[in-house]
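Here is the structure we will look at, set down as structure tokens.
Rule-based calculations on the coordinates, nothing more; no lab input. All of these numbers come straight from a predicted model, not from anything done at the bench. No Cβ is skipped: glycine too gets one built from the backbone with ideal geometry, and neighbour counts run over all protein chains shown.
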Amino acid sequence: MTSVKRPVYLDYHSTTPCDPRVVEAMLPCFTETFGNSSSRGHVFGRVAEELVEDARRRIAGLLGAQASEIIFTGGATESNNLAVTGAACARREAGDGNHVVSCVTEHKSVICPLERLEDEGFEVTMLPVDERGRIDLDVLSASLTENTILVTLMFASNEIGNIHPIAEVARRAHEVGAWVHTDAVQAIGKVPVNVNDLDVDMLSLSAHKFYGPKGIGALYRRESPRRVKLKPCIIGGGHERGVRSGTHNVPGIVGLATAFELAVQEREEESRRVAALRDRLESQLIEEIEGLVVNGDHEHRLPNNLSVSIPYVDGEALLLSLDDVAVSSGSACKSETAGTSHVIKALGREEDDGRGTIRFGLGRWTTEEEIDFAVGRVSETVNHLRALSTL
Ligand code: PMP
């Protein structure tokens, strides 16, 4: 019998445990260096301010950015809201245009702000994807006009793991003068992320996706050669150059910088190891489960992602029966879970087929034993449900 510690966690896209090295770096900020970084009139404040600015420099360095281009936020939902709404509103006010381009497979934290912009009179184009979740660059080019002020496209999908050709998207968008934002939440620590190689104008990240704490993120905002202006969403004391008010979450910021450094340092080795485990998971599941379909772009995919659709199985029943393997039916980012996700639907799937979709997210502490255990449990459960099913 297996000695795997249960339940097995295979939902690293939804969140990750904090790395103990990150926790260690954060701990003194709660009790010793606890000052308010805006209270520059005394040493407590100045020490906290130095911690924030040191973290800002380290994060900027890891992205190939300048420290002044990093804005701390409460996570990627907030970064995405600020990037999309802030840039679109600032540009419309400047008279640059009112057209925004994005894609149907984006995270809800991009889609919902876009829907609101549309209500406010912006023109929004949502690019379709093919059956593997890929955009067509010619369709992108055809959608761009002199009126296009922003293109927002995620770097890597949290559901099907696709990696979009962001550098090429940016090149085409810049030809018409549009700014480019990318949600890079799932890419950090898995693939190289450099704002100059990608030539993006804004980039969102969130610490809890790469072994840092929850509730802290950042938005990179380019200053040169294009100077991105943002209309703030959260106003108050004027922190973060007036773009995001609110007392700094100093422990979170220190945790974000530390987690980011570790993710970059360990990226190559970790990605290789995790990709090998993902490939093992994929080939064993294909062998064990009849009719299983692997979703997404097999060539340009995150090393830690596997999304599969299993026909003739109810996805919710499958998840509920898998009580010792923590996986997800798609995005964990909306509260209602029933039904096919908007991403799987965008691949052109039938509702019933899509409903049996499971997303595996592998991570820093995933082992071969856990993968083999998960394969056993998933295939056993699928067979059991299929035997009971009338589908
Ligand atoms: N974008 C993507 C691609 C995500 O996967 C998530 C988290 N599920 C978010 C944005 C939102 O991040 P946060 O939890 O930091 O708000």
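Quick notes on this structure:
- Mean projection of the Cα convex hull over all viewing directions, computed for the range 74-127: 3.5 nm².
- Whole-number D in µm²/s for the range 243-288 (Stokes-Einstein; Kirkwood sum over Cα pairs; 10 °C, 1.306 mPa s): 117 µm²/s
- For the range 165-178, putting each phi into the Karplus relation 6.51 cos²θ - 1.76 cosθ + 1.60 with θ = phi - 60° gives couplings of x, 5, 4, 6, 4, 5, 4, 5, 5, 5, 4, 9, x, 7 Hz, in residue order, rounded to whole numbers and with x for Gly and Pro.
- The calculated P(r) of the chain, using every Cα pair and 20 Å bins from 0, goes 28, 55, 17, 0 in percent.
- Stokes-Einstein diffusion of the range 214-314 at 37 °C, 0.692 mPa s viscosity, Kirkwood radius from Cα pairs, rounded to a whole number: 183 µm²/s.
- Distances between placed amide hydrogens fall under 5 Å for Tyr211 paired with Thr16, all partners being 5 or more residues away or on another chain.
- The HN-Hα couplings worked out from phi for the range 362-376 by the Karplus form 6.51 cos²θ - 1.76 cosθ + 1.60 (θ = phi - 60°) are 8, x, 4, 10, 6, 10, 4, 5, 5, 5, 5, 4, 4, 4, x Hz, whole numbers, x standing for Gly and Pro.
- Normalised size of the range 127-189, defined as Cα radius of gyration per 2.2 N^0.38 Å with N residues, equals 1.11.
- Peptides 103-116, 19-32 ranked from most to least packed by the mean count of surrounding Cβ atoms within 10 Å: 103-116, 19-32.
- The residue among Gly252, Ser328, Tyr312 whose Cα reaches farthest toward the positive pole of the charge dipole of the chain, with charges on the beta-carbon of Lys, Arg, Asp and Glu, is Gly252.
- Taking the chain as the region of interest, the number of lysine pairs whose Cα atoms are within less than 16 Å, with members eight or more places apart or on different chains, is 4.
- Two-decimal Rg/Rh across the range 164-274, once Rg and the Kirkwood Rh are taken from alpha-carbon atoms: 1.00
- A helix-only calculation puts the chain at -12500 deg cm²/dmol for mean residue ellipticity at 222 nm, using -39500 (n - 2.57) for each DSSP H run of at least four residues, averaged over all residues.
- Computed FRET value (nearest 0.05) for Asp314 with Asp136, which takes r as the C-beta separation and R₀ as 22 Å: 0.10
- Between the amide H of Ile216 and those of Ala207, His208, distances stay under 5 Å, these residues lying 5 or more places away or on another chain, with hydrogens modeled in the peptide plane.
- If R0 is 45 Å, the Cβ-Cβ spacing of Lys345 and Gln66 corresponds to a FRET efficiency of close to 0.65.
- Under 20 Å from the Val104 label point (7 Å along Cα→beta-carbon), backbone N, the range 143-170: 143-144, 151-165
- Sequence-distant residues sharing a close amide H with Ile234 (under 5 Å, placed H): Ser245
- Per-residue Karplus couplings for the range 216-226, computed as 6.51 cos²θ - 1.76 cosθ + 1.60 with θ equal to phi - 60°, are listed in order as 9, x, 8, 10, 7, 10, 5, 10, 7, x, 9 Hz, Gly and Pro entered as x.
- Theoretical FRET efficiency, 1/(1+(r/R0)^6), r = Cβ-Cβ of Cys112 and Glu175, R0 35 Å, to 0.05: 0.75
- Over the range 1-146, the Kirkwood radius and the radius of gyration, each from Cα atoms, give a ratio Rg/Rh of 1.09.
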